[in-house]
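Structure record follows, encoded as structure tokens.
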Amino acid sequence: MSLPERHSPYITSIDGLRTVAVGLVLLFHAGFDWAQGGYIGVDVFFVISGFLITSNILKGLEAGTWSFRRFYGRRAARLLPALFSVIAGTLIAGSFILSESDFAKLGLSGLASAASVSNILFWTQADYFAQGSETKPLLHTWSLGVEEQFYLFWPIAITVFFQLARKLGLNTPRSLIQIGLLLLGGVSLMSAHLMVFQHPEAVFFLTPFRVFQFAIGGLLGVSVTLTANFWRCLPGLAGLGLLLCLGTLLQGQMGADETVWLAMFAPALATATIIFAARTRLITAMLATPAMVWLGKRSYAIYLAHWPIMVLWKMATDYHFDTLEACLSIAVSVMAGAIIHTIVEKRFRLSNSSTVSKKRTSYMSTGLGFVCVAILTLSISWPLIGNTLQATASKTPPQASSGTAVSEERRSTCFLQAQHVPEDYSIEQCATSQDGKPVFLALGDSYAGDMSVALQTAYAQEAKIGRFVVPGCSLISPGQASKKSNHCQSHFNLAYTSIIDEIDLRGVFLISDWTKVDDETLTETLDYFETREIPTYIVNVRPKFRERVPEIISLAETPEAAAKRVMSLLIPEAAARNQALADKYPNIIDVYRIGCNETCQIFDGNSDEIYKDASHITIRGSVWYGRRIKEAYPDVIKDMLSH
């Protein structure tokens, strides 16, 4: 997170702006429904960093006092000791709370965080089946990785622009720097806009797609002198209002365009207008109160502390915050941040007046802290790293846990993901009967993948259950799919316009996480198949839990205790959505009732685990579901064939 340098004029309102940013993040992570857009607080920090760092670099270059060594030394002394202390504290707490596998993953993320590359690590894990965000205590350090990578290359870029302007004989090097920042920011923004359709995770996590936010702040620092002009407060107020509205109104799940322009560009622009008005009396009165400044000075430490506290708190209790717990978690995070600020940050930070002895002590302590954290995290994560290296060397995937092995077909062309093109789908492999049985198609998101195995188990004697699966993409209607503006729409459009016409299809099972699909989309899809005289059944939402079931089982002392804990973690929205579906649509296979009637089944008859995460089921779990689907719905195939 951005921190003010001692040699820049101190702007108290920016500390207040930091308070707004960290407050948005805290409210969002605590789970308040009215702060679902609070994640934009990170965007605010990026713009503040771009403004302050660019201003300080340029002032140093113009005064002839700029030093790369001094800059990097101060950044390291200011940021890393607090980070290392949080990593160490998280590892200690995690050793009492996390399962063995999650603790190894924590060690790996701690190592990546210490090395300033956690954003890259979390990007590589950002597929649909990855470990849930609420079991990653250091996930929030992705933004520190972005910021630290920014600190690495930004001074070089500004210095290159400055020296080039001097060589060209320009009287005002700032004009060339402005052009350079406009080019960097423009390329970054357009790249984010173009790439978000195919690679949304990369746009979220990786630094090149965040450069435009730093550039917006940098352009402000290069181009504008902050003054107390009254009229400047008007765009500042508008920006503050926009920021608060976005924090309240934005949703976590948005389309690709909205992700870049509403959740990334708009908050950055709003932040720039607030900084533009930072010295006006009205903005100062609002943001520079003693409480706001106090919190702003501690915002970096608060940000560092809050997510491990919230994640481990949930994992140690019932994986859910009520309102009181959410408020308490915020209070504890602020207190922890204040302690870290006092004990660690203030002790190691450097200024122009720092003695040579203090600088030496700070640098040596930071270096020693890195070595200790690196050794600790490497030793914890080594089993995980070793297994990955071994699997890579042998060119085979890591061994899955019992009952969770993924079939060869899962890795081929029945599951269309962002990197696939339509030609990758194999009708012969995925939707062709080899013995003359009628063909039915399981169509939908990742839930259709494991549920197609259950349906094939249920009706193997009567039919071939093919599959067309688009992991990570909730069911899209034919009208929406025809736009083909992202990979989800393109893949479903292939199913609606080509695949179905090439198969002698006798029926379709629509399978998705229906909590993410509205009735209009579902109705349009059903009408589409009805006009083609293709019968359909809806497979409703199976039980969903707030945490991965295998980890719940591993942490419980007995199977009975695990079953009791699972019931407390059942997400009620799935049952409510299923009731709404049942009230409106016929032909529903109620897998929710099969999985959770009076109690939720988490083991099959052979004591094997049914779930491999919080909602997806194992191969053995699919077989278990399939047998019970056949018992509950023996005549589904006969009904569809008689249509």
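In this view, the solvent-accessible surface of Met310, computed with a 1.4 Å probe and all protein chains in place, comes to about 0 Å². Each Lys and Arg Cβ is given +1 and each Asp and Glu Cβ -1; about its Cα centre, the chain then shows a dipole of about 3920 debye.
Would you check segment 508-643 for Lys pairs whose C-alpha atoms are within less than 19 Å, ignoring same-chain pairs closer than 8 in sequence, and give me the count?
Lysine pairs satisfying the spacing and distance rule in segment 508-643 number 6.
The relative contact order of the chain, computed from alpha carbon pairs under 8 Å that lie at least 6 residues apart in sequence, is 16 percent.
3J(HN,Hα) along segment 242-247, derived from phi through the Karplus expression 6.51 cos²θ - 1.76 cosθ + 1.60 where θ = phi - 60°, amounts to 4, 4, 5, 5, 4, x Hz, with x in place of Gly and Pro.
Bridge orientation summary for the chain: considering DSSP beta bridges with both residues in this region, about 15 percent are antiparallel.
Left without a cysteine partner by the 4.7 Å Cβ rule in the chain: Cys233, Cys245, Cys327, Cys372.
If you take semi-axes √(5λ) of the Cα gyration tensor in Å from the coordinates, which of (1) 71, 32, 24; (2) 49, 28, 23; (3) 60, 27, 22 do you get? Answer by label: (2). Surface listing: Cys600, Cys327 arranged by accessible area from highest to lowest gives Cys327, Cys600, probe 1.4 Å. Note on exposure: Leu189, Leu282, Leu455 ranked by accessible area (1.4 Å probe, complete protein assembly) read Leu282, Leu189, Leu455, with the most exposed listed first. Note that segment 192-206 has calculated 3J(HN,Hα) couplings of 4, 4, 6, 7, 5, 5, 9, 9, x, 5, 5, 5, 6, 8, 8 Hz, one per residue in order, obtained from phi through the Karplus relation 6.51 cos²θ - 1.76 cosθ + 1.60 (θ = phi - 60°); glycine and proline are x.
Only protein heavy atoms count here; on that basis, with a 1.4 Å probe, Thr289 has an accessible area of about 50 Å². Rounded to two decimals, the Cα-based Rg/Rh of segment 488-643, with Kirkwood Rh, is 1.01. With the convex hull constructed from alpha-carbon coordinates only, segment 175-308 shows a mean projected area of 9.4 nm² over all directions. For Gly507, nonlocal amide neighbours, meaning residues 5 or more places apart or on other chains whose placed amide H falls under 5 Å from its own, are Leu441. The angle between the Cα long axis of helix 100-114 and the main principal axis of the chain comes to about 30°, on a 0 to 90 degree scale. Can you give the percent of C-alpha pairs in segment 430-577 whose distance is more than 23 Å? Taking all Cα-Cα pairs of segment 430-577, the fraction more than 23 Å apart is 43 percent.
Of all lysines in the structure, those lying under 20 Å Cα to Cα from Lys346, and not within fewer than 8 positions of it along the same chain, are Lys297, Lys358, Lys359. Quantify how much of the Cα-Cα distance distribution of segment 497-539 extends past 12 Å, in percent. So the portion of pairs separated by more than 12 Å is 63 percent. Residues of segment 533-575 falling in the label zone of Asp33, defined by backbone nitrogen less than 13 Å from a point 7 Å along Cα to beta-carbon, are 572-573. Across segment 242-357, Cα-Cα pairs farther apart than 21 Å form 61% of the total. Once the 1.4 Å probe is applied to the protein heavy atoms, the chain comes out at 43 Å² accessible per residue.
The values are calculated or read from the model by the stated rules, or taken from the named source; none is laboratory data. Values in this document were obtained by computation on a predicted structure and should not be read as measured data. Because the Cβ atoms are built from the backbone with ideal geometry, glycine has one as well, and the counts that use them run over all protein chains shown. Surface accessibility is based on the protein's heavy atoms, side chains included, excluding ligands, DNA and RNA. Shrake-Rupley method; radii C 1.70, N 1.55, O 1.52, S 1.80 Å.
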